[in-house]
Amino acid sequence: MVRRTLMIVFLVGGLMGMACQKKETTGMDASDAAFVAGAVLDGVEGAGQEVNQGRLMKTDGWLSGFPSIGKRPDLRASILKACTEQYGGDTTDLDMDGVPVQAFFSVNCDTTVFDSASGALFTFRIHGRVSAVDNNDQDPFVGSVTVDNPGRVDSFFLHGFEATVDTETLLVHFYQKGSLSSDHQQQTFSVQTNWTWKAEFTDSATGQLVRIPAVYRSWSIRFRPQDPAWRPGDTLRDGVMWLGGSMRFADFSFRMATPESLVYSVNCPTPSGDAGPISGLVVAETDQHLIRIRILGCRRYRVELDGNPIQPVRPGA
């Protein structure tokens with residue numbers, strides 16, 4: 001059984017459901033492959049919603065710190081007062097997609113706040129930089145954002161806290177870096193992500209520091225709507241989609257592709273109300289296994305592992 005540091009974080013921004021379990025050995029077995037199959041299936045079902053969000057950088061929240069957006073990072077004002085922030089570049093945003101023409105902001109925070117309700121002393125830490133480029137400020141679906149931290153050797157953007165009550169301290173740190181981009185060529189909309197996560201936290205039961213190894217994903221989505229008037233933000237109706245990319249964990253990696261286009265239909269709505277998949281083929285490969293997911297209709301699938309039918313395990317189940 002593989003160390004299931006499987007933070008299956010599918011399809012950008014909201015692309016993200018996490019599952020973490022520690023196991024004793026390395027490699028990958030059939031049960032882990034079933035877990036991967038379930039995660040891929042979740043991604044396929046959720047892809048319509050991700051494309052519909054369209055302006056991914058705006059919905060992702062990384063750009064909320066730019067003055068042109070009129071918001072501050074999602075922290076209490078008392079914390080921000082002690083932060084060092086820098087802005088630069090051109091924050092013009094004519095198409096109002098939340099992505100400035102070419103700008104950056106950086107933030108450095110190590111702020112301590114006492115919470116009288118819990119009696120805890122919190123130290124909030126935020127260190128990193130967000131850069132954005134909009135190569136077509138007339139098209140609200142075109143733009144890119146990069147998240148990094150030039151102050152760290154590994155360039156990870158850090159956000160987290162330590163909380164101390166009496167003599168006990170709880171630590172939670174999240175690290176991220178990477179890029180998100182979206183494009184629009186004629187009637188095809190595309191999204192690309194290259195992202196790395198890792199984390200560390202205090203196990204409340206043992207008091208030991210737990211480190212989650214880095215997870216890397218390179219992912220792409222292309223969507224062509226049947227309705228030429230459709231734009232991101234409209235309810236996703238009929239169309240075709242292609243997904244592809246790879247994910248790499250501490251112990252194994254897998255690649256995914258759609259050798260046949262995925263057909264999405266509003267007659268098979270997802271919980272978000274957007275179109276869901278009704279036909280197509282998805283293939284995921286690891287070093288040891290081949291996973292095939294055949295979409296047979298609305299919420300009907302045939303999943304095979306190395307030619308044998310399996311029941312996919314959904315992340316978090």
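Per-residue extension of 0.36 nm, minus the Cα-Cα distance of VAL172 and GLN102, leaves a gain of 22.0 nm for this segment. A crude spin-label estimate for the pair SER218 and GLN86, with each label 7 Å from Cα along the Cβ direction, gives 3.0 nm. Global dimensions of segment 159-217 from alpha-carbon coordinates: Rg and Dmax equal 18.0, 61 Å. Residues THR206, THR164, arranged from fewest to most other Cβ atoms within 10 angstrom of their Cβ, appear as THR206, THR164.
Whole number please: convex hull volume per residue, Cα atoms of segment 237-317, in Å³. Kindly include the intermediate steps, with their values, before the conclusion.
Numbers: hull volume 9.1 nm³, N = 81.
Roughly 112 Å³ of hull volume per residue.
Stretching the chain fully between ASN136 and ARG294 yields a gain of 53.1 nm (0.36 nm per residue, less the alpha carbon separation). Treating r as the C-beta distance of ARG302 and ALA30 and R0 as 25 Å, the FRET efficiency rounds to 0.90. Tell me, what is the Rg over Rh of segment 174-314, with Rh the Kirkwood radius over Cα pairs? That ratio equals 1.04. With the highest mean first, a sort of the peptides 298-310, 97-109, 281-293 on other beta-carbon atoms found within 10 angstrom per residue produces 97-109, 281-293, 298-310. Computed 3J(HN,Hα) for segment 136-146, one whole-Hz value per residue from the Karplus formula 6.51 cos²θ - 1.76 cosθ + 1.60 where θ = phi - 60°, is 9, 7, 9, 10, x, 9, 9, x, 8, 9, 10, glycine and proline marked x.
Taken over segment 103-174, the convex hull of the Cα atoms encloses 128 Å³ per residue.
No value in this document is a laboratory result; all are computed from the given coordinates. Computed from a prediction, not measured in an experiment: that's the story for all the values here. A quick note on method: Cβ atoms are made from the backbone with ideal geometry, for glycine too, and the neighbour counts reach across all protein chains shown.
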